[in-house]
Amino acid sequence: MSAVPESPSRPTVTEREAREVAEAAREQDWRKPSFAKELFLGRFRLDLIHPHPLPADDDVQRGEEFLAKLRDFCETKIDGATIERDARIPDEVITGLKELGALGMKIDTKYGGLGLTQVYYNKALALVGSASPAIGALLSAHQSIGVPQPLKIFGTREQKETFLPRCARTDISAFLLTEPDVGSDPARLATTAVPEGDDYVLDGVKLWTTNGVVADLLVVMARVPRSDGHRGGITAFVVEAASEGVTVENRNAFMGLRGLENGVTRFHRVRVPASQRIGEEGQGLKIALTTLNTGRLSLPAMCVGSGKWCLKIAREWSAAREQWGKPVALHEAVGSKIAFIAATTFALEAVVDLSSQMADEDRNDIRIEAALAKLYGSEMACLMADELVQIRGGRGFETAESLRARGERAVPAEQMLRDLRINRIFEGSTEIMHLLIAREAVDAHLSVAGDLIDPEKSLGDKARAGAGAGLFYAKWLPKLVAGPGQLPTSYGEFKHGVDLSAHLRYVERTSRKLARSTFYAMSRWQGQMETKQGFLGRIVDIGAELFAMSAACVRAELLRGRGENGREAYQLADAFCHQARIRVEELFGRLWSNTDDLDRKVVKGVLSGTYAWLEQGVIDPSDDGPWIADATPGPSERENVHRPIR
């Protein structure tokens, strides 16, 4: 029996219903230990990350062999300046990447892929992304969130055998979730997939479809109406981009990543066989979030590459440029920026490599670690690029083409800043990442006290929750009073010339302080805790700094033990930890001393027009078009700009 289609109008949902949809999609069980989760609970489990996990010899050999081929390709076949100028990756470059096997880096060898580990996949993205961020984005979107990853985890044997060989060598894939009026609130998803016989019929519009302009295969999230025999809900499908009724209506252009093949895709009466549904009906968001657990690591991996490039340019330029009789690097105002770039690049690489290796070993749950890596990497990379522009001065603001035209080295510093900016929005904005990580960080509290702070629960439910919470906190709170961080001999194995043990003791003490602060906030605000987004964001940022400090120390000790620049690694880790500790103390101060309440009052005044007089005296250059484009389902009235690369 066919389901009755929903109204073409967007589903109307309450705030509570939206939260329930998001809550149902998240993984709620913790079957494996998590270093970051324990950190937020005040338990510094160094044993989960030290000794640093290492890849198998075979994985290293396979990975290094591919990196050598990829480096040669990047150096001889990729012209980043041309891609920036033409706002398009040449077809022959994409064809060459296909022949190299770059589309199948993460796909198992039995399906024609290279079978690289997460560690080497990320190293490859950092390498190719340094040659062209647009190419890095294309490969990442294809493998990290496109067809290969969800099929690897949730696909049937038939689906894997049908689609993975194509994805490994010839077909580019894209992931389609966002809509013109739906971003991080999927409860309002309007694209529908109505069952008809053995097919589903898709109708709707998707926005910001990275790779969508050139894609051959699409992962599409659509809402299946509930009906007889159909549980309904947001569901994932593999869709052939060449299917009748699929139209790429626009190739979008951005301030950065000018070669990005990102578009608007419309579906009108697109028939998709039920055999191409991924998982069960209603599992779409869970599939998307699970895919992102490791998929998010691709962005910070490319941020590592950006940091390395920023450091190289800062070093070379600051040694060559003299001011007042000496190189600018020797002036403290500039030197502090260089030290920040060097220390942060070291720590960010430590975070990404540690998280990636843990993902490969699959012995830890890394959902929080990957989210922290994405959050921290995207924010710190933007800061590093901004500092590089400042170090370069007017030349940092000048385009590479202009520099070349007047006879100087064409350094694309301003392009780097523009290209990196999207990473604070891609795959979960910083604000959404704060909320996502905060939800996981307070999971233990909500598990035992959720009913207690839920205003809609009965007195009986609250009484039972109170009893359970009492037992939990009676055991947990005393453990936050003292720990190894107060013993001067703790973590002594991290003392080799430079003393990193003091930083690890600080992390241990501070993780307990962080847990106590979270508990105080839960006690103070109870059911209103979720509205305190400023507080929660600072809690998460403290956790990110502590995670990065831990990773930096563990990486320094790994390199020392292997005889690979160990002394220098200890110096960088020490510098980073000192810098991070200053940021952490500032964040703790802002937990309780801030302008959050005052800001809310000002926001209400802005929205009500109270301060509209402040906007007078300027000209608004934007036109009179709608804020959000019409996404009413129906046939496309625009030219199809889809251009598969063959």
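The values are calculated or read from the model by the stated rules, or taken from the named source; none is laboratory data. Remember, it's a predicted structure, so these values are computed and weren't measured experimentally. Backbone-built Cβ (ideal geometry, glycine too); neighbour counts: all protein chains shown. Heavy atoms of the whole protein, side chains included, go into the accessibility calculation; ligands, DNA and RNA do not. Shrake-Rupley method; radii C 1.70, N 1.55, O 1.52, S 1.80 Å.
Taking the criterion of being under 24 Å from the mean Cα position of the chain (by Cα) and of a type outside the set (Lys, Arg), the residues of region 98-112 that qualify are ALA102, LEU103, GLY104, MET105, ILE107, ASP108. Look at (1) touching a Cys at 6+ places or on another chain (Cβ under 7 Å); (2) closer than 18 Å to LYS374 by Cα; (3) not β-branched (Val, Ile, Thr) and you find that SER173 fails only one, number (2). Tell me yes or no: at least one residue of region 509-530 is closer than 30 Å to GLU557 by Cα, surrounded by 13 or more Cβ atoms within 10 Å (Cβ to Cβ), of a type in the set (Gly, Ala, Ser) and modelled with pLDDT of 95 or more. Scanning region 509-530, I find at least one residue that is closer than 30 Å to GLU557 by Cα, surrounded by 13 or more Cβ atoms within 10 Å (Cβ to Cβ), of a type in the set (Gly, Ala, Ser) and modelled with pLDDT of 95 or more, so the answer is yes. Taking the criterion of being over 15 Å from LEU514 (Cα atoms) and either surrounded by fewer than 19 Cβ atoms within 10 Å (Cβ to Cβ) or aromatic (Phe, Trp, Tyr) (or both), no residue of region 535-560 qualifies.
Within the bounds of region 385-393, is there any residue that is touching a Gly at 6+ places or on another chain (Cβ under 7 Å) and buried (at least 20 other Cβ atoms within 10 Å of the Cβ)? Lay out the reasoning, then the answer.
Of the residues in region 385-393, the ones touching a Gly at 6+ places or on another chain (Cβ under 7 Å) are 388-390.
Next, only the ones that are buried (at least 20 other Cβ atoms within 10 Å of the Cβ) stay: 388.
Yes, that holds for at least one residue.
Residue under question is ASN594, and the condition is that it be within 30 Å of GLU240 (Cβ to Cβ), surrounded by 10 or more Cβ atoms within 10 Å (Cβ to Cβ) and touching a residue at least 40 places away in the same chain (Cβ under 8 Å); does it hold? Considered against the rule, which asks whether it is within 30 Å of GLU240 (Cβ to Cβ), surrounded by 10 or more Cβ atoms within 10 Å (Cβ to Cβ) and touching a residue at least 40 places away in the same chain (Cβ under 8 Å), ASN594 comes out as no. Residues in region 388-445 that are at pLDDT 95 or above and of a type in the set (Phe, Trp, Tyr): PHE397 only. Residues that are open to solvent by less than 20 Å² (accessible area, probe 1.4 Å) and of a type outside the set (Phe, Trp, Tyr) within region 61-77 comprise GLY63, LEU70, CYS74, listed in sequence order. Within the option set SER140, SER144, SER173, SER130, being surrounded by 24 or more Cβ atoms within 10 Å (Cβ to Cβ) and over 16 Å from the mean Cα position of the chain (by Cα) holds for one residue only, SER173.
From the list MET358, MET384, which residue is under 22 Å from PHE340 (Cα atoms) and either of a type in the set (A, V, I, L, M, F, W, C) or in contact with a Pro (Cβ under 9 Å, 6 or more places away or on another chain) (or both)?
Working: MET358 fails: under 22 Å from PHE340 (Cα atoms).
None of the other options fit; the residue is MET384.
State yes or no: is LYS374 open to solvent by less than 40 Å² (accessible area, probe 1.4 Å), in a helix (DSSP H, G or I) and basic (Lys, Arg)? Yes: the conditions hold for LYS374.
Pick from region 247-293 the residues that are among the charged types (D, E, K, R) and within 30 Å of ARG88 (Cα to Cα): which of them is most open to solvent (accessible area, probe 1.4 Å)? Even if it seems obvious, please write down each step before you answer.
So in region 247-293, the residues among the charged types (D, E, K, R) come out as 249, 251, 258, 261, 266, 269, 271, 277, 280-281, 286.
Filter again for within 30 Å of ARG88 (Cα to Cα), leaving 249, 251, 258, 261, 266.
Working: GLU249: 22, ARG251: 64, ARG258: 90, GLU261: 5, ARG266: 26 Å².
The selected residue is ARG258.
Quick check on my filter: what residues within region 532-563 are farther than 22 Å from GLU493 by Cα and either over 23 Å from the mean Cα position of the chain (by Cα) or not β-branched (Val, Ile, Thr) (or both)? Outline the logic, then answer.
Residues of region 532-563 farther than 22 Å from GLU493 by Cα: 532-544.
Within region 532-563, LYS532, GLN533, GLY534, PHE535, LEU536, GLY537, ARG538, ASP541, GLY543, ALA544 meet the criteria.
Could you check region 90-135 and list, in sequence order, the residues that are among the small types (Gly, Ala, Ser) and closer than 19 Å to ASN211 by Cβ? Within region 90-135, GLY96, GLY101, ALA102, GLY104, GLY113, ALA124, GLY129, ALA131, SER132, ALA134 meet the criteria. Taken over region 472-505, the criterion of being open to solvent by less than 30 Å² (accessible area, probe 1.4 Å), assigned to a helix (DSSP H, G or I) and among the polar types (S, T, N, Q) is satisfied by SER501 alone. Here are some conditions: (1) on the phi > 0 side of the Ramachandran plot; (2) touching a residue at least 60 places away in the same chain (Cβ under 8 Å); (3) surrounded by fewer than 23 Cβ atoms within 10 Å (Cβ to Cβ). ASN211 meets all but one. Which one does it not meet? Going through the list (1) on the phi > 0 side of the Ramachandran plot; (2) touching a residue at least 60 places away in the same chain (Cβ under 8 Å); (3) surrounded by fewer than 23 Cβ atoms within 10 Å (Cβ to Cβ), ASN211 breaks only (3).
For (1) more than 21 Å from the chain's Cα centre (by Cα); (2) over 16 Å from LEU151 (Cα atoms); (3) surrounded by 19 or more Cβ atoms within 10 Å (Cβ to Cβ), each residue gets a yes or a no:
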| residue | (1), (2), (3) |
| --- | --- |
| PHE163 | yes, no, yes |
| ALA168 | yes, no, yes |
| SER184 | no, yes, no |
| THR192 | yes, yes, yes |
| LEU202 | yes, yes, yes |
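If you check ARG363 against the conditions, is it farther than 16 Å from VAL304 by Cβ, open to solvent by 20 Å² or more (accessible area, probe 1.4 Å) and either among the acidic types (Asp, Glu) or without any contact (Cβ under 8 Å) to a residue 12 or more places away in the chain (or both)?
Working: farther than 16 Å from VAL304 by Cβ: yes; open to solvent by 20 Å² or more (accessible area, probe 1.4 Å): yes; either among the acidic types (Asp, Glu) or without any contact (Cβ under 8 Å) to a residue 12 or more places away in the chain (or both): no.
Considered against the rule, which asks whether it is farther than 16 Å from VAL304 by Cβ, open to solvent by 20 Å² or more (accessible area, probe 1.4 Å) and either among the acidic types (Asp, Glu) or without any contact (Cβ under 8 Å) to a residue 12 or more places away in the chain (or both), ARG363 comes out as no.
Out of VAL618, VAL603, one residue alone is loosely packed, with under 11 Cβ neighbours inside 10 Å, part of a loop (DSSP other than H, G, I, E, B) and modelled with pLDDT of 95 or more. It is VAL618.
Does region 294-303 contain any residue that is of a type in the set (Gly, Ala, Ser), open to solvent by 20 Å² or more (accessible area, probe 1.4 Å) and modelled with pLDDT of 95 or more? Checked region 294-303: no residue is of a type in the set (Gly, Ala, Ser), open to solvent by 20 Å² or more (accessible area, probe 1.4 Å) and modelled with pLDDT of 95 or more. Residues that are surrounded by 19 or more Cβ atoms within 10 Å (Cβ to Cβ) and either hydrophobic (A, V, I, L, M, F, W, C) or not in a helix (DSSP H, G or I) (or both) within region 561-586 comprise ALA569, LEU572, ALA573, ALA575, PHE576, CYS577, ALA580, VAL584, listed in sequence order. If you check LYS77 against the conditions, is it among the basic types (Lys, Arg), over 29 Å from THR290 (Cβ atoms) and touching a helix residue (DSSP H, G or I) at 6+ places or on another chain (Cβ under 6 Å)? The answer is yes for LYS77. Listed by first and then second residue, the pairs with beta-carbon distance under 9 Å, at least 6 apart or on different chains, first residue in region 187-199 and of a type in the set (Asp, Glu), second at pLDDT 95 or above and assigned to a strand (DSSP E or B), are GLU196/ARG271; ASP198/PRO273; ASP199/ARG271; ASP199/VAL272; ASP199/PRO273. When each of LEU420, LEU446, LEU403 is tested for being without any contact (Cβ under 8 Å) to a residue 24 or more places away in the chain and open to solvent by less than 40 Å² (accessible area, probe 1.4 Å), the lone residue that passes is LEU403.
Can you find even one residue in region 332-341 that is modelled with pLDDT of 90 or more, in contact with a strand residue (DSSP E or B) (Cβ under 6 Å, 6 or more places away or on another chain) and either part of a strand (DSSP E or B) or open to solvent by less than 60 Å² (accessible area, probe 1.4 Å) (or both)? Taking every residue of region 332-341 in turn, none turns out to be modelled with pLDDT of 90 or more, in contact with a strand residue (DSSP E or B) (Cβ under 6 Å, 6 or more places away or on another chain) and either part of a strand (DSSP E or B) or open to solvent by less than 60 Å² (accessible area, probe 1.4 Å) (or both).
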